[in-house]
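Contents: one structure, followed by commentary.
The values are calculated or read from the model by the stated rules, or taken from the named source; none is laboratory data. Keep in mind it's a predicted model, so treat the numbers as computed, not measured. Counting neighbours? That spans all protein chains shown, and the Cβs are built from the backbone with ideal geometry, glycine included. Each accessible area value is taken on the protein alone, full model and side chains, heavy atoms only, with ligands, DNA and RNA left out. Shrake-Rupley method; radii C 1.70, N 1.55, O 1.52, S 1.80 Å.
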Amino acid sequence: MKRLFSLATLTIAVFCASTQAQEKKNYPQPEAMRPGMSEYWTPQPKVVSPGDIKTNSAPSDAIVLFDGKDLSAWMNPNGGDAGWTVKNGVVTVDKSKGDIVTRQKFGSYQLHLEWCVPKDISGESQARGNSGVYMQDMYEVQILDCYGNETYVNGMTGSVYKQTPPLVNAMRKPGEWNVYDIIYTAPVFKEDGTYLYKPFVTVIQNGIVLQNHTEIQGTTEYIGFPRTVKHGDGPIRLQSHGDPSQPISFRNIWIRPL
Ligand code: MG
């Protein structure tokens, strides 16, 4: 028993001596952080000239989709001319011609557009200045006169139609121009056609956030629930709604692919 105790004591002593030797060894120490160690200078972001703050004109790198003169960037979804009415720098929906789409297709982007419902607009709920802007021809952000006009909340101005209501109602009066700034992130699909990443959208109306990086659940159906439809780049679509109210107008439309 005594011998066993001595052996244990010896073992502990050797271990302690070894640990002390390690503690005394002078290993290199991490270099002290300096500010420049967490800074990098290249590549420098491209210089973009902002548009005029008063007119919300297009930044220097934007693709202008409508500058008040013509609808050459747009067409009927069947391929013919867009056919809506351009006058005095604005384009007005022609309900007899149907929706229009951009000739160019897009993935993710920043989109700016301005819209105005007539001062003497009539109708109520969804039948009052109804239009819409579709991301990639699939997902509608609602355009509607919701100034003093209630409707189902997931169909209000700035809703992801039949999915997500806007955070607030930021409407200007009929006859005044509303400004939409939309930041859209395109979805990524798996081989089997289901979403790997769903699309996201941020919608700002008149400088006020309506959708804050909202996940889009699928197509924005009038009847039924969102569907998953595999797609690639797609056009912007502006809706010609069949309601009987007076047609709405657009101006100053530009896009910056991201
Ligand atoms: Mg609509």
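Key figures for this structure:
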| item | result |
| --- | --- |
| For the chain, share of DSSP beta bridges that run antiparallel, in % to the nearest 5 | 100 percent |
| Under 14 Å, Cβ to Cβ, from residue 195 - net charge with Lys/Arg +1 and Asp/Glu -1 | +1 |
| Dipole of the chain [Lys/Arg +1, Asp/Glu -1 at C-beta], most positive-end residue of 203, 125, 82 | 203 |
| About the Cα centre, charge dipole magnitude for segment 64-245 (Lys/Arg +1, Asp/Glu -1 at Cβ), debye | 80 debye |
| Net +/- balance of residues flanking residue 119 in space, Cβ distance below 10 Å, scoring K and R +1, D and E -1 | -1 |
| Value of [θ]222 nm, deg cm²/dmol, for the chain, DSSP H segments ≥ 4, -39500 (n - 2.57) each, nearest 500 | -3000 deg cm²/dmol |
| For the chain: rounded, prolate or oblate by the Cα gyration tensor [a/c cutoff 1.5] | prolate |
| Largest to smallest accessible area among 208, 121 [probe 1.4 Å] | 208, 121 |
| Rounded to the nearest 20 debye, dipole of segment 161-258 from Cβ charges on Lys, Arg, Asp, Glu | 140 debye |
| Under 5 Å, built H, 5+ apart or other chain: amide partners of residue 252 | 68 |
| Accessible area of residue 200 in the full protein assembly, 1.4 Å probe (Å², nearest 10) | 50 Å² |
| Percent carbon-and-sulfur accessible area, segment 92-170, ignoring ligands, DNA and RNA, probe 1.4 Å | 50 percent |
| Under 13 Å from the Cα of residue 25 - aspartates and glutamates, other chains or at least 8 residues apart | none |
| Charge tally in the Cβ shell below 10 Å around residue 233, where Lys, Arg are +1 and Asp, Glu are -1, residue 233 excluded | 0 |
| Accessible-area composition of segment 183-258, carbon plus sulfur, in percent [1.4 Å probe] | 56 percent |
| Per residue solvent-accessible surface (Å²) - the chain, probe of 1.4 Å | 59 Å² |
| Protection proxy ranking, peptides 128-140, 98-110, average beta carbon neighbours within 10 Å, highest first | 128-140, 98-110 |
| Cross-link pairs 162/190; 69/95; 46/97; 105/162 - those with Cα-Cα distance over 32 Å | 46/97 |
